[in-house]
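Structure first, then comments.
Values in this text are rule-based calculations from the coordinates and carry no lab data. These numbers were taken from a predicted model, which means no experiment stands behind them. Heads up, the Cβs are rebuilt from the backbone with ideal geometry, glycines too, and the neighbour counts pull from every protein chain shown.
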Amino acid sequence: MSTKVILKSRSAQSTPSEAPKPVLTLEEARAAVLQRRRRKNTYHLAASLCSRHFDTQDEEPDFYASILKKFTGVKRSKSRSKGVSKRRLAIDKAKQELVAALASSGGDPKKNKDFQSALKELQQLNPPKSFDASRSPSPYNDTPTKKSSMPKLEGMWMTMSKPNFADQIGTNDNEEFLYTLGRMSFDMFRPTHLVCSMQGTFNDVSVVSDQERAATKIHAPKKLREEVQNGTSVLRRYDIVTAFTIEPENPATEEDSHGSTTHSNKGVTRPIKGIMTTHGYVLPDPAIKNRLSIWFTGGSLEVNDDDVDLQEWARIFTPSNLPKRQLKQRAKLFAARALLGATPAGAMQPDGSISFEFKRPLGGHGATYIDVLYIDDTLRVAKGNRGGLYVFVLIPRIESPANS
């Protein structure tokens, strides 16, 4: 008789009250653990391929240069390649100018005239209205005889633009941005003063199948619930994944809301890699083709190398070791509970994961959204309803050994 174990699926982990726990054989459980480890390792491995180190022989950071070389297919050579159309060459040139402008501003596209000029050129060559968010190349558009030419929104996109979290502390020796865990997670995870470096931020987009939609209770804004339930439009997962590292103890300090100074990462003796995921969904706006109505249903923290770092991770996040929330943080949590039905981060699971959820997320068509300003087979530029600009490059899903 085969041994059976209970294991949480990824969707069940992010929304623990929504789906029953599947019963798996021991072999299936082992395979699921290996698959989870490969998934987590993928993000740090992808980020490592695009280091933010500056090359002294190049005006641009290697981060942006390597993206041009590895992922966008754009070459630095100005010589025209045989068989390449003028339009393709013009797009490649505009891409180079856009990425160079982004590099010159440290990843900040706001108020960057060169970036705006390159974006305008790309939009003229490939207008944003040509992208229809209500259609999905796979499996909705493709036919046995013809494959859709519309660029895919689905895939793993790496963010090239600077993170938009507030109160950046600075950078570490590797030129990676430093933030507190509280700022990265909107105070949903503790300890909020834990200083972390960000190796990369990713946008994982995938179509929610009819089977998954029927089997999973998806928390959706009140105005969108009927549309989510009836299945008449394409529903996509829209997860924001951050590969980060808990920095070792250092003399860096910061002031809390009361003006007192708190030492960062006391007792952390070595870097600890982690993954933070904000779970979200998008629906196409019926009135505007290139607009996606977006909402978020919760988030999770996971240790990246559970075999190596789980014990230290557990020490950092054990409830008895966590500092109490300050008055300002408690007020934010109270507001999130009242407005969003937020459940604070629960108990740590045996694998080190911690999660929270929003049972009443805010949103609706015309309320919270992302406009696709440009998209092709490698590059996407989007604008949020609050005016934030985001630049993404589509990267391959890198196969990583489970124990790497």
For Gln311 and Lys328, extending 7 Å from Cα along the Cα-Cβ vector and measuring point to point gives, in nm, a value of 3.8 nm
Around Ala367 (Cβ within 12 Å, Cβ-to-Cβ, excluding Ala367; K/R +1, D/E -1) the net charge comes to +3
So, over other residues within a Cβ distance under 13 Å of Asn230, counting Lys, Arg +1 and Asp, Glu -1, the net charge is -1
Of the listed links Lys332/Lys359; Lys110/Lys273; Lys273/Lys332; Lys129/Lys152, those spanning more than 19 angstrom between alpha carbons are Lys110/Lys273; Lys273/Lys332
Counting Lys and Arg as +1 and Asp and Glu as -1 over every other residue whose Cβ sits under 13 Å from the Cβ of Ile288, the net charge comes to +1
Per the rule of 0.36 nm per residue minus the C-alpha distance, extending Leu26 to Thr171 adds in nm 47.8 nm
